[in-house]
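Peer 1: Can you keep this structure in mind? I'll have questions shortly.
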Amino acid sequence: MMNKKKLEIYVHIPFCAQKCAYCDFLSFPGNRQMQQEYIDRLLEEIKYQSEYAKEYQVISIFIGGGTPSILDFHQMSAVLTALSHQFDVHPEAEITLEANPGTVTSEALCQYREAGVNRISMGLQSADDKELKYLGRIHTYDEFLKSFQRVRMAGFDNVNVDLISAIPGQTVESWKNTLKKVTMLKPEHISAYSLIVEEGTPFYDRYGEHVALDNDSMSKEERRHLMALPDLPDEDMEREMYYLTRAFLNEQGYERYEISNYSRPGYECRHNIGYWTGVEYLGLGLGSSSYMNGCRFHNTASYQAYKNGRFGREEDFDQLLRQEFERLTTEQKMEEYMFLGLRLIEGVSAQGFVSSFGQNIRHVYGPVLDKLKQDRLLEIKDGYYRLTERGIDISNYVMSQFLI
């Protein structure tokens, strides 16, 4: 059997019960009819896209959203079955399903396992009910606990919990309390991100550079909710939370392997590591992005266009599934190799750079590497260039230096 190239698959399920105030993902509420229409199109796309992936073996699948667990199990089963039948999926592939508290039943979780899902990613964000309400989450911490217990009872032994720090009204003490409560549950993986106020979200109207609470698209209830929100933690408090996260999780046996991701040994998210190390990926579903054969492209973000598409026709395929098609230059590939690889605590392999591009990393980036080392933002260890703690603090600046 020929050696196939590695491929990761991301499947986007855009539906959620309610849009959170900080969320800028392509997601929205949808009734059962909308969900079924979407799944019908997604199954068509899976079949059609698989024809372009015959030379690949799938090493990971990540089903995200939105809230994938909001789907009827039979819909999710149809997607998982189609993926396994249409693609060459490695027998030990990591298959992750995102699930929000309150949207999973014990029966569905057992069926997910039988269908091949072997990793669950749960969006908690905070263990403080007031903070959850500020974020616009629809669940309580108690509901999260019940859902987490169901996940464990269904037999899942690889579970991630998502957390967000620096959210409205949060203090260092309340953040530490969240970390304590979550680590007591002993999930295998914790993603701990600092809140980013994204343009186009209700949080941007409240906390952005120009407060815009007179937005016509807002209901009176939404406006009142935003006006009542407390301020965000200041920059000093945000940094204190960041340092606390690293120290506390390390004490609890979680190793930081990426700027915002921690795991117990052997439970690093293989799918995300693939992104950061340049593994090719195929996005399926509304608005999803792909990188294959040196080309970057994405699907339409229009629900109506996607719903009405017929992916058996070449013209629909090009119009709906290969938007903004771009063939990356060698220089762009090198830049991404550095940007993404430096997110990993291990850093960027000098030998890996040679294997990928046939050039010594110093021939391309020598002066930049020397300057960053001199400024104590970068160090080299065991053949890997990696950010120092100081470099991690200003990682965006460091990574910008690798633009050719």
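Peer 1: Go over the candidates GLU107, GLU92, GLU114 one by one and state the one that is closer than 15 Å to HIS271 by Cβ and either touching a residue at least 24 places away in the same chain (Cβ under 8 Å) or among the acidic types (Asp, Glu) (or both).
Peer 2: Exactly one of GLU107, GLU92, GLU114 is closer than 15 Å to HIS271 by Cβ and either touching a residue at least 24 places away in the same chain (Cβ under 8 Å) or among the acidic types (Asp, Glu) (or both), namely GLU92.
Peer 1: So which residues in segment 167-188 are open to solvent by 10 Å² or more (accessible area, probe 1.4 Å), more than 30 Å from ALA108 (Cβ to Cβ) and not in a helix (DSSP H, G or I)?
Peer 2: Within segment 167-188, GLY169, THR171 meet the criteria.
Peer 1: Output the residues belonging to segment 103-126 that are closer than 22 Å to LEU179 by Cβ and either open to solvent by 10 Å² or more (accessible area, probe 1.4 Å) or not in a loop (DSSP other than H, G, I, E, B) (or both).
Peer 2: Those that are closer than 22 Å to LEU179 by Cβ and either open to solvent by 10 Å² or more (accessible area, probe 1.4 Å) or not in a loop (DSSP other than H, G, I, E, B) (or both): ARG119, ILE120, SER121, MET122, GLY123, LEU124, GLN125.
Peer 1: What's the number of the condition VAL364 fails, among (1) loosely packed, with under 13 Cβ neighbours inside 10 Å; (2) at pLDDT 95 or above?
Peer 2: It fails just one condition, (1).
Peer 1: Hey, another quick one. Is it the case that segment 15-32 has a residue that's open to solvent by less than 10 Å² (accessible area, probe 1.4 Å), over 20 Å from GLU198 (Cβ atoms), touching a residue at least 40 places away in the same chain (Cβ under 8 Å) and charged (D, E, K, R)?
Peer 2: no
Peer 1: When the residues of segment 363-399 are filtered to those that are among the aromatic types (Phe, Trp, Tyr) and in a helix (DSSP H, G or I), which remaining residue is nearest to VAL348 (Cα to Cα)?
Peer 2: Step by step, filter segment 363-399, then rank; the result is TYR365.
Peer 1: Follow-up question, since we're still on this one. Could you run through segment 264-279 and say how many residues are of a type in the set (Gly, Ala, Ser) and more than 17 Å from ILE61 (Cβ to Cβ)?
Peer 2: Residues meeting the conditions: 2.
The rows are residues; the columns are (1) of a type in the set (S, T, N, Q); (2) closer than 30 Å to LEU342 by Cβ; (3) open to solvent by less than 20 Å² (accessible area, probe 1.4 Å); (4) at pLDDT 90 or above.
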| position | (1), (2), (3), (4) |
| --- | --- |
| ILE190 | no, yes, yes, yes |
| GLU199 | no, yes, no, no |
| PRO202 | no, no, no, no |
| ARG206 | no, no, no, no |
| GLU209 | no, yes, no, no |
| GLU221 | no, no, no, no |
| ARG224 | no, no, no, no |
| LEU244 | no, yes, no, yes |
| TYR254 | no, yes, yes, yes |
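Peer 1: Of everything in segment 63-79, what is open to solvent by 10 Å² or more (accessible area, probe 1.4 Å), part of a helix (DSSP H, G or I) and closer than 21 Å to VAL151 by Cβ? Give them in sequence order.
Peer 2: ILE70, PHE73, HIS74, GLN75, SER77
Peer 1: Moving to a separate point now. Out of all the residues in segment 321-329, is one or more basic (Lys, Arg) and without any contact (Cβ under 8 Å) to a residue 60 or more places away in the chain?
Peer 2: yes
Peer 1: While we're here: Mind listing just one residue for me: the one in segment 128-166 that is at pLDDT 95 or above and assigned to a loop (DSSP other than H, G, I, E, B) and, of those, most open to solvent (accessible area, probe 1.4 Å)?
Peer 2: ASP157
Peer 1: On to the next question. Return a yes/no flag: does segment 302-320 have any residue that is without any contact (Cβ under 8 Å) to a residue 60 or more places away in the chain, within 20 Å of ILE46 (Cα to Cα), touching a strand residue (DSSP E or B) at 6+ places or on another chain (Cβ under 7 Å) and not acidic (Asp, Glu).
Peer 2: So far as segment 302-320 goes, no, none of its residues is without any contact (Cβ under 8 Å) to a residue 60 or more places away in the chain, within 20 Å of ILE46 (Cα to Cα), touching a strand residue (DSSP E or B) at 6+ places or on another chain (Cβ under 7 Å) and not acidic (Asp, Glu).
Peer 1: Something else: In segment 288-309, what residues are in a loop (DSSP other than H, G, I, E, B) and open to solvent by 30 Å² or more (accessible area, probe 1.4 Å)?
Peer 2: ASN293, ALA301, SER302
Peer 1: In addition: Can you run down the residue pairs with Cβ atoms below 6 Å, 6 or more apart or on separate chains, where the first is in segment 139-164 and closer than 26 Å to LEU195 by Cα and the partner is surrounded by 18 or more Cβ atoms within 10 Å (Cβ to Cβ) and of a type in the set (Asp, Glu)?
Peer 2: ASN158/GLU188; VAL159/GLU188
Peer 1: Additional query: Limited to segment 367-384, what total is found for residues that are open to solvent by 10 Å² or more (accessible area, probe 1.4 Å), of a type outside the set (D, E, K, R) and under 24 Å from LYS333 (Cβ atoms)?
Peer 2: Residues that pass the stated criteria total 5.
Peer 1: Of all residues being under 19 Å from CYS269 (Cα atoms) and not polar (S, T, N, Q) in segment 49-62, which is most open to solvent (accessible area, probe 1.4 Å)? Just the residue, please.
Peer 2: Checking each candidate, the answer is ILE59.
Peer 1: Of the residues ASN250, ASN272, which single one is surrounded by 19 or more Cβ atoms within 10 Å (Cβ to Cβ) and either out of contact with any Pro (no Cβ under 7 Å at 6 or more places or on another chain) or in contact (Cβ under 8 Å) with a residue 24 or more places away in the chain (or both)?
Peer 2: Residue meeting the stated conditions: ASN272.
Peer 1: I'd like to verify a number: residues in segment 281-310 that are touching a helix residue (DSSP H, G or I) at 6+ places or on another chain (Cβ under 8 Å) and among the small types (Gly, Ala, Ser), how many?
Peer 2: 4
Peer 1: So which of LEU320, LEU229 ends up being assigned to a loop (DSSP other than H, G, I, E, B), at pLDDT below 95 and buried (at least 17 other Cβ atoms within 10 Å of the Cβ)?
Peer 2: LEU229
Peer 1: Looking at segment 82-102, is at least one residue of a type outside the set (Lys, Arg), assigned to a helix (DSSP H, G or I), open to solvent by less than 10 Å² (accessible area, probe 1.4 Å) and within 19 Å of LYS6 (Cα to Cα)?
Peer 2: yes
The values are calculated or read from the model by the stated rules, or taken from the named source; none is laboratory data. Small disclaimer: the values here were computed from a predicted structure and weren't measured. Positions of Cβ are backbone-derived with ideal geometry, glycine not excepted, and every protein chain shown enters the neighbour counts. For accessibility, only protein heavy atoms count, side chains too; no ligands or nucleic acids. Shrake-Rupley method; radii C 1.70, N 1.55, O 1.52, S 1.80 Å.
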